[in-house]
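Please read the structure below before turning to the comments.
Read-outs: derived from the displayed coordinates by stated rules, not from any lab. Predicted model only: the values in this text are computed from it and were never measured. We place every Cβ from the backbone using ideal geometry, glycine too, and count neighbours over all the protein chains shown.
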Amino acid sequence: MSADDLLCLVYISRSAGPVSDDALLALLVQARSNNARDGITGMLLYKGGYFMQALEGPNALVQALYRRICLDPRHRDVTTLIKFQPDGRAFDGWTMGFANIDRIPPEQRAGISPFLDQDFEPASWAEAPHQAMRLLRAFRDVNGDSTQDTRPVEA
Ligand SMILES: Cc1cc2nc3c(=O)[nH]c(=O)nc-3n(C[C@H](O)[C@H](O)[C@H](O)COP(=O)(O)O)c2cc1C
């Protein structure tokens, strides 16, 4: 696949109700299996009833996935923050990285990102979408060593 065909899309959404650890795990298992098939990589964050996710991969497949995600009853108010053609993948090798920010102990928070404690209210992130990308990349960079529930996944 040429870099011309790559699409990166970041959105934020509100969960439809309380999300249990089991429900998050089921979502991730489904996402990772489909994404491995489709050559999609990315990072999913959960915080206080909101999701933030970066999706990257072949343009048509990312768009098709995003259409499915927008229709998914597990969340609502899906708001696109950024959509661009990257030079390369930021989450290469991660069929879907994941972190539940609510579960990160205070002593581990400081080293991750200055944006970690910001609420996931869509409006404020929509005004500064590149901060969202920086937050998502920060979880790629900690690479599972210092945050619970974040782990690299082989593509
Ligand atoms: C917050 C959130 C993130 C999701 N991320 C992905 C994803 O990365 N890949 C994926 O295939 N499905 C993802 N889904 C699930 C899709 O909305 C949809 O249910 C799924 O792609 C359908 O897959 P199926 O054809 O296996 O039934 C996500 C859903 C939610 C609520």
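If the chain between residue 127 and residue 102 were fully stretched, how many nm would it gain, using 0.36 nm times the residue separation less the Cα-Cα distance?
Here the answer is 6.7 nm.
How far, in degrees from 0 to 90, does helix 129-142 lean away from the longest principal axis of the Cα atoms of the chain, to the nearest 10?
80 degrees
Name the residues of the range 87-117 whose amide N is less than 20 Å from a point 7 angstrom out from the Cα of residue 137 along the C-beta direction?
Backbone N within reach: 87-99, 110-117.
Below 8 Å, C-alpha to C-alpha, sequence gap of six or more: please give me the relative contact order for the chain in percent.
33 percent
Calculate the spin-label point distance for residue 5 paired with residue 115, positioning each point 7 Å from the Cα along the beta-carbon direction, and give it in nanometres.
2.9 nm
So how tilted is helix 59-71 from the main axis of the chain? Cα-based, degrees 0 to 90, rounded to 10.
50 degrees
Measuring from label point to label point, each 7 Å out along Cα→Cβ, what is the residue 64 to residue 26 span in nm?
It is 2.5 nm.
Quote the convex hull volume per residue of the range 3-142, based on C-alpha atoms, as a whole number of Å³.
Taking the convex hull of the Cα positions in the range 3-142, it is 100 Å³ per residue.
By the scheme Lys and Arg +1, Asp and Glu -1, what is the net charge of all other residues having a beta-carbon under 15 Å from that of residue 135?
-1
Tell me the angle of helix 21-38 to the major Cα principal axis of the chain, expressed in degrees between 0 and 90 and rounded to the nearest ten.
Approximately 20 degrees, to the nearest 10.
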